[in-house]
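All of the numbers you see were taken from the coordinates with simple rules; none came from a lab. In this text the structure is predicted, and so the values were computed from the model without any measurement. Cβ sites come from the backbone with ideal geometry, for glycine too, and all protein chains shown count toward neighbours.
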Amino acid sequence: MSILLVTGASRGIGAAIARLAGTRGYDVAVNYLRDEKAAAAVVQAVRAAGRRAVAIQGDMAREADIDRTFATIDKAVGRLTHLVYNAGTTGGNSRVEAVEAKTIRDTMELNVVGALLCAKAAIPRMSKKHGGQGGAMVLISSMGASLGSPGEYVWYAASKGAVDSMTIGLSKELAADGIRVNAVSPGIILTDIHPPGRVERITPSVPMQRAGTPEEIAETVLFLLSDASSYTTGTNIRVAGGR
């Protein structure tokens with residue numbers, strides 16, 4: 001049995017991952033922050049594919065919410081085997097001298113600390129050393145980690161650089177536990193994370209001359225979760241149209 005938690009799964013990339021996972025045989029825990037109706041629609045889509053699903057509200061920047069989310073999965077679905085850490089925020093757009101310190105801290109808390117705490121909670125459930133069956137984690141990074149996001153959100157790019165380092169470290173630390181850890185770095189993807197006009201402004205710089213879709217990211221994530229990538233760990237796949 002494959003039991004997957006997708007954080008930030010009520011919309012965009014997370015929702016696409018959760019829906020596709022249902023069609024690929026995963027039972028899915030759909031974590032969301034605010035949009036209960038959207039999360040319920042994702043749950044319904046997973047159930048329509050014949051798999052179990054549950055929506056769990058929780059702020060992945062709060063340790064208590066993370067603990068409650070994992071405890072809910074234990075009780076309502078079973079022992080976790082797979083994790084996708086997708087919850088994240090850019091914190092808005094500006095040059096660094098104009099950003100508030102709170103925005104930087106909030107971004108790091110969700111994008112970095114939340115990812116580490118979710119991995120910390122998942123390991124005892126997934127690890128063969130702790131009686132689990134092993135499994136896979138995929139952390140959603142960003143091309144911003146490589147490009148730096150100057151003039152937009154350097155702090156966000158820095159947070160995703162931390163995710164890239166985390167992927168390497170966890171993959172080596174957990175390999176003997178039967179847990180593979182990989183990352184996916186989306187480029188310009190058609191979601192509402194972008195402020196108005198940003199996709200249109202940046203798309204001409206993409207070699208493929210178009211933005212990507214959440215479903216294209218989901219396909220890559222499901223590959224990394226699956227046994228088709230059984231000898232792949234510590235890698236970061238760029239899904240960015242050549243950017």
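Looking for something in a helix (DSSP H, G or I) and among the hydroxyl-bearing types (Ser, Thr, Tyr) - is there at least one such residue anywhere in the stretch 76-88?
Quick first cut of the stretch 76-88, residues in a helix (DSSP H, G or I) only: 76.
With among the hydroxyl-bearing types (Ser, Thr, Tyr) added as a condition, the list becomes none.
The answer is no; no qualifying residue exists.
Hey, any hits in the stretch 63-75 for a residue that's touching an Asp or Glu at 6+ places or on another chain (Cβ under 8 Å) and among the small types (Gly, Ala, Ser)? Step through it out loud before you land on a result.
Kept after step one, since they are touching an Asp or Glu at 6+ places or on another chain (Cβ under 8 Å), are these residues of the stretch 63-75: 65.
Remaining after also requiring among the small types (Gly, Ala, Ser): none.
No, the stretch 63-75 contains no residue that is touching an Asp or Glu at 6+ places or on another chain (Cβ under 8 Å) and among the small types (Gly, Ala, Ser).
Is it true that some residue in the stretch 7-20 is in contact (Cβ under 8 Å) with a residue 60 or more places away in the chain, closer than 22 Å to residue 171 by Cα, of a type in the set (A, V, I, L, M, F, W, C) and buried (at least 24 other Cβ atoms within 10 Å of the Cβ)?
Checked against the condition, which is being in contact (Cβ under 8 Å) with a residue 60 or more places away in the chain, closer than 22 Å to residue 171 by Cα, of a type in the set (A, V, I, L, M, F, W, C) and buried (at least 24 other Cβ atoms within 10 Å of the Cβ), the stretch 7-20 yields at least one hit.
From the set of residues in the stretch 31-74 that are touching a Leu at 6+ places or on another chain (Cβ under 8 Å) and among the polar types (S, T, N, Q), which is farthest from residue 91 (Cα to Cα)?
That would be 69.
Return the residue satisfying two criteria in turn: it lies in the stretch 21-45 and is β-branched (Val, Ile, Thr) and surrounded by 17 or more Cβ atoms within 10 Å (Cβ to Cβ), and of such residues it is farthest from the chain's Cα centre (by Cα).
Taking the stretch 21-45 first, the residues β-branched (Val, Ile, Thr) are 23, 28, 30, 42-43.
So of that shortlist, the ones also surrounded by 17 or more Cβ atoms within 10 Å (Cβ to Cβ) come out as 28, 30, 42-43.
Working: 28: 14, 30: 12, 42: 16, 43: 17 Å.
Selected residue: 43.
Can you pull out the residues in the stretch 79-105 that are of a type outside the set (Val, Ile, Thr) and under 16 Å from residue 163 (Cβ atoms)? Please lay out each step first, then the result.
Looking only at the stretch 79-105, we keep the residues that are of a type outside the set (Val, Ile, Thr), and these are 79-80, 82-83, 85-88, 91-95, 97-98, 100-102, 105.
Within the stretch 79-105, 83, 85, 86, 87, 88, 91 qualify.
Scan 168, 202, 193 and give me the residue that is within 15 Å of the chain's Cα centre (by Cα), surrounded by fewer than 19 Cβ atoms within 10 Å (Cβ to Cβ) and of a type in the set (Val, Ile, Thr).
Working: 168 fails: within 15 Å of the chain's Cα centre (by Cα); 202 fails: within 15 Å of the chain's Cα centre (by Cα).
Every option except 193 fails the conditions.
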